[in-house]
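The structure appears below as structure tokens.
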Amino acid sequence: MTKYSLKNKYLLLLLLLVAINKAHADSGYKLWLEYNKITYQRASAVYRQQLRYLIFPAASDQLKAARGELLKGLDGMLSILPGDAKTITDGQTLVIGTRQSLKSLSIVVPDTIGSEGYLIKTAFIHQKKYTIITANTDVAVLYGVFNFLKLIQTNQPISNLNIADHPRIMYRVLDHWDNLNRTVERGYAGSSIWNWHKLPGIIDQRYIDYARANASVGINGSVINNVNADALILSPQYLTKIQALANVFRVYGIKIYLSVKFSSPVELGGLKTADPLDAAVKKWWADKADEIYRYIPDFGGFLVKANSEGQPGPQTYGRTHADGANMLADALAPHHGIVMWRAFVYDNNVPDDRSKQAYNEFKPFDGKFKDNVIIQVKNGPIDFQPREPFHPLFGAMPNTALMMEFQLTQEYLGFSTHLVYEAPLFAECLQSDTYTQGKGSTVSRVIKGDFNKKLITGMAGVANIGSDLNWCGHPFAQANWYAFGRMAWNPDQSPAAIADDWLKMTFTNNTVFVSPVKKLMLQSRENTVNYMTPLGLHHIMGVSTHYGPGPWVDNAGRPDWNATYYHKADSAGIGFNRTGTGSNALEQYAPQVNAHWGNLQTCPDEYLLWFHHLRWTYKMRSGRSLWDEMVHHYYQGADSVKQMGLTWDKMQGKIDAERFTEVKQLMQTQLAEATTWRDACVLYFQTFSKMPIGAGYPKPAHPLSYYKDMKFYYVPGIGGNNYMTN
Ligand code: GCW
């Protein structure tokens, strides 16, 4: 072999390697709609045989989108573009269309599917085998198509199908805390995806892909601006831009909602007041609603944060939440819009126990809200902590529509550097028993409207989406967007099944990858609880930025912003006494729940310090003292992140190198941060307990003062000039 040809050979090899690498590079932009080629030959051949022909009359934009998605998926996974069957000969035919358009086939469709459900069914018609996807509406056909594609994405058989499914919740909404200057409050994935400056003229492909991803999991609404709202959003200039987004979203069955500032009539309309009982104010809102619907005929409605954290509201004018919400509801009612009125209230007076405030303010108005008002309640009574008991309002307002608000963005869960799969957190809350309608009155049943069929139903997720190439900052944070959609569709689905689907659709069907990584995902939230806030501790993160540990914070603007307000550590012990001898927040729950959590014999360890103040030597179920148990949890938390990293290392080569490396680096960062959390908290609480850290545990690397002095500049998610924590 000559030197020259050897050189050529190397060059070729190099080019080949570059090509392979390129083919494998995956930024994560495609989310769970990867539609990766099915490389397993037999499966591919079977699918191809079964999808010979396609009948898909697509007249509307929504049906065209469904058809486009189907072809994209089949082409991506199977390299086929099934042709429209003119004369049907052999092989199986995929028939897709609304019930109306497929009337001639006389398919029996269960009534339960309603307007958003679908049927995927294998049927023999005149001895020929068909796979039929049908629904009552165009958008539901789209849902059916996405779910059919999911079967192939997750390598399920498709030869004998009979799947009928429908959403259990009506309003399945993402809440974006996006500001008009493109910063995102509590956003950790870059800037806002809405490019206000370029709208309405420029339609970014991202808007379309965002809508596709949402529709694929059944999300049907998007609140596009921050609940700390700017009145400008209602100006004609912005309505023109919003109209352009609405035109994109409509094709995928997504309605636009806006967060509105209660004082908009003053700021935008030049009125003297925003008093909800004032005739001019009522008229201003009614006119504004009419105007919005001229731009966006299928506009969804308003989301309102009122009288909370400095936001104006009806109480500013001596009126009630019901007065405010009902006035807006009247303005929207002629157009079938709704008002989502938030229960996250946080007024200027410091309460004896902040966890009681929402219940105290809202419970008296049970049954007083108009039919098109739904009260949006955070999953827990404080604020999206790594673990909270369910919000007492879920068991307290049987005559009021209540919607769940989960937070997908990881404000209190390590931002977008920590791998935390949130579905177990969602499920824990949803399957909690409120007992208010007897045993089995789970939060899930309450929000599904099981106990009062007249009520509208909803679930909101505070979005974790931004301009990062992979949308959510952490490749695994995408799973939280996905899981939210799945659980809003059906709150009783299992986190494990959802993780299984997501992993297969996002990465690979290879079980050598899926099994260990699913396990790791399911464990991940508990890891974070352990290294941040074990045993019911809460709100001990850095003040205002909520980044990193800050259990020592005791000088914030008001007492209930301080960590010390929540953990109440002293030389005697630790924890917030919310029993009858303390704040009695437990009284806001049904007697069964109160008794269960109020009694130390039955209160689970997970909620112990949420409800009880206990001495450091208190003997835990494990036999350890409270102090030792706490130390154990902190060390276990950090150690489990290390274990997670070791599992991940074994995944090298099982997925694309780009995402593998990104996650590996993120896990290293997470381990460093988890260790900081552990050491800072253990050292700080030790100043009260005066008890030693067990001999088997590695000692913290630095003294407490080191952790207290840590400075973090320009922490994401807070915007403005608020650049430093601690
Ligand atoms: O969790 C807190 C956040 C605020 C947020 C508020 C809310 C949008 O720290 O940034 O404001 O909750 O839910 O209104």
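FYI, it's all coordinate maths here, none of it is from the lab. Note that the structure is predicted; figures quoted are calculated from it, not measured. Ideal geometry is used to build each Cβ from the backbone, glycine not excepted, and the neighbour counts take in all protein chains shown.
Exposure proxy for His166, His612: other Cβ atoms within 10 Å of each Cβ, ordered fewest to most, give His166, His612. Here the sum of -39500 (n - 2.57) over DSSP H runs of 4 or more residues, divided by the residues of the chain, equals -12000 deg cm²/dmol at 222 nm, to the nearest 500. Couplings 3J(HN,Hα) for the range 622-638, derived from phi with the Karplus relation 6.51 cos²θ - 1.76 cosθ + 1.60 (θ = phi - 60°), are 6, x, 7, 6, 4, 4, 4, 5, 4, 4, 4, 5, 4, 6, 4, x, 5 Hz, where x marks Gly and Pro.
When Rg and Dmax are taken over the Cα atoms of the range 481-611, they come to 19.1, 55 Å. Using +1 at the Cβ of each Lys and Arg and -1 at the Cβ of each Asp and Glu in the range 41-165, identify which of Asn160, Gly117, Leu70 lies farthest towards the dipole's positive end. Comparing the listed Cα positions along the dipole, Asn160 ranks first. Taking every lysine pair in the range 41-165 that is 8 or more places apart or spans two chains, those with Cα atoms closer than 22 Å amount to 18. Between the range 449-494 and the range 516-592, the alpha-carbon centres lie 24 Å apart.
Inter-part distance, the range 382-444 to the range 238-301, computed on C-alpha centroids, equals 30 Å.
Within the shell of other residues whose beta carbon sits under 14 angstrom from the beta carbon of Leu78, the net charge comes to +3, with Lys and Arg scored +1 and Asp and Glu -1. Rounded to the nearest 20, the size of the Cβ-charge dipole of the chain about its Cα centre is 1980 debye, with Lys and Arg at +1 and Asp and Glu at -1. In order along the range 397-404, the Karplus-derived 3J(HN,Hα) couplings, from 6.51 cos²θ - 1.76 cosθ + 1.60 at θ = phi - 60°, round to 10, x, 9, 10, 5, 10, 10, 7 Hz, and Gly and Pro are given as x. Around the amide H of Leu402, modelled in the peptide plane, lie the amide H atoms of Ile375, all under 5 Å away and 5 or more residues distant in sequence or on another chain. Charged side chains reduced to their Cβ positions (Lys and Arg at +1, Asp and Glu at -1) give the range 171-506 a dipole of some 600 debye around its Cα centre. Scanning residues 5 or more positions from Gly221 or on other chains, those with amide H under 5 Å from its amide H are Arg172, Leu174, Lys255, with H placed 1.01 Å from N in the peptide plane. The chain has equivalent-ellipsoid semi-axes of 42, 35, 25 Å, by the square roots of 5 times the alpha carbon gyration tensor eigenvalues, sorted largest first.
When His391, His335 are sorted by how many other C-beta atoms sit within 10 angstrom of their C-beta, beginning with the fewest, the order is His335, His391.
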